[in-house]
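Report on one structure; see the data block that follows.
The values are calculated or read from the model by the stated rules, or taken from the named source; none is laboratory data. No experiment lies behind these values; they were computed from the predicted model shown. Counting neighbours? That spans all protein chains shown, and the Cβs are built from the backbone with ideal geometry, glycine included.
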Amino acid sequence: MKKTVKTLVLLTLALALLAAQVALAEPDATVKGIYDALTAEGSGYSQMKAMYADYYPDCAFEEALNDDGFTLTISGSPEMEGSWTFARAGDNLTVTIGGEDMVGYSLIMYVMEAVGDVLGMDSALMNGYINGVNALGIEDACFNSVADGDGNTTVSINIAAPWEMKALDQMVLDERIMDFEPLGGMYTSHAASVGKVMIVVNGEPEDATILLGEYGGLDDVAYQSLINAVKLFRPNGWEDFIDGYTALADAETAGYTVRLNADAEAVAEIIDDARESYSYAVIHFGEQQ
């Protein structure tokens with residue numbers, strides 16, 4: 001009888017330890033949420049996979065969730081083959097990629113989109129903020145990238161809470177972000193974003209259209225960005241614009257027009273992915289239509 005009791009006690013203890021190990025092995029809830037958002041039907045990552053399935057049928061994608069992260073693997077395509085592990089380290093989700101690994105960088109963007117979904121943040125605003133952190137040399141715990149001596153970069157994405165983005169109002173479009181030449185004799189199209197502001201410039205000197213957008217509403221960040229863009233791209237009449245356009249307002253002159261809070265139809269003529277969280281202005285240089 002004593003042996004039977006002892007055996008039952010040991011069996012109970014073993015089952016308890018096994019249950020504890022299973023509990024410990026359950027995926028981190030936040031990481032799992034990001035993984036689920038990343039792989040959900042309709043996500044940017046899933047759309048990218050579907051596109052590659054159409055054009056590169058031999059290219060295969062595999063996702064694996066573990067207790068503290070997940071791994072994305074691509075095979076069947078020499079240009080894209082590789083494996084990338086995103087692992088939780090404290091408040092951050094980290095991944096290490098090679099310096100020339102454009103596929104890895106694109107995967108980070110899709111993961112960022114999923115992080116935004118889970119934390120309730122606008123992915124376009126997040127990307128703009130990261131552009132500013134990197135280009136303007138701003139230190140921020142929400143996103144960090146550190147290069148080692150071997151050409152690799154470790155990227156850390158804060159997933160503990162929605163980002164504060166304290167430096168948003170410091171992020172204005174200028175030549176550090178808009179690395180472009182002035183408009184020339186041929187039609188060109190350029191786009192850039194930083195912080196909460198974005199811009200698209202289409203056309204040539206005598207006929208140019210600028211779409212300016214800002215998260216949450218147009219303010220002085222948008223105005224300063226517009227002035228910097230006009231100085232850089234130099235459409236015909238740009239000097240008169242700089243002298244005469246001193247604050248955000250609708251305007252109509254012989255050389256340019258400005259329409260603030262452009263409606264969805266006007267914005268859709270320029271971009272396909274307008275966001276409700278952004279306000280837009282359309283500026284046109286040249287013969288008025």
State whether the residues of segment 134-144 include one that is under 30 Å from residue 209 (Cβ atoms) and β-branched (Val, Ile, Thr).
no
I'd like the full set of residues that are touching an Asp or Glu at 6+ places or on another chain (Cβ under 9 Å) and surrounded by 14 or more Cβ atoms within 10 Å (Cβ to Cβ), limited to segment 76-97.
77, 82, 84, 87, 88, 96
Scan segment 83-92 and give yes if some residue there is without any contact (Cβ under 8 Å) to a residue 24 or more places away in the chain, under 20 Å from residue 46 (Cβ atoms) and hydrophobic (A, V, I, L, M, F, W, C), otherwise no.
yes
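Considering each of 185, 213 in turn, give the residue that is surrounded by 14 or more Cβ atoms within 10 Å (Cβ to Cβ) and either touching a Ser or Thr at 6+ places or on another chain (Cβ under 9 Å) or not polar (S, T, N, Q) (or both).
Values: 185 fails: surrounded by 14 or more Cβ atoms within 10 Å (Cβ to Cβ).
None of the other options fit; the residue is 213.
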Residues (among the acidic types (Asp, Glu) and within 27 Å of the chain's Cα centre (by Cα)) located in segment 246-289
263, 265, 269, 272, 273, 276
From the option list 44, 33, single residue qualifying as surrounded by 14 or more Cβ atoms within 10 Å (Cβ to Cβ), in contact (Cβ under 8 Å) with a residue 40 or more places away in the chain, farther than 18 Å from residue 94 by Cβ and not aliphatic (A, V, I, L, M) is 44
Do you know which residues across segment 252-277 are exposed (fewer than 15 other Cβ atoms within 10 Å of the Cβ) and either touching a His at 6+ places or on another chain (Cβ under 8 Å) or part of a strand (DSSP E or B) (or both)?
252
State which residue is surrounded by the most Cβ atoms within 10 Å (Cβ to Cβ) when the search covers only segment 127-155 and only residues that are β-branched (Val, Ile, Thr) and either in the same structural domain as residue 215 (by TED's automatic domain parsing) or part of a strand (DSSP E or B) (or both).
155
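For segment 132-148, enumerate the residues that are of a type outside the set (A, V, I, L, M) and under 20 Å from residue 94 (Cβ atoms).
Residues of segment 132-148 that are of a type outside the set (A, V, I, L, M), as a first pass: 132, 134, 137, 139-140, 142-145, 148.
Within segment 132-148, 134, 139, 140, 142, 143, 144, 145, 148 qualify.
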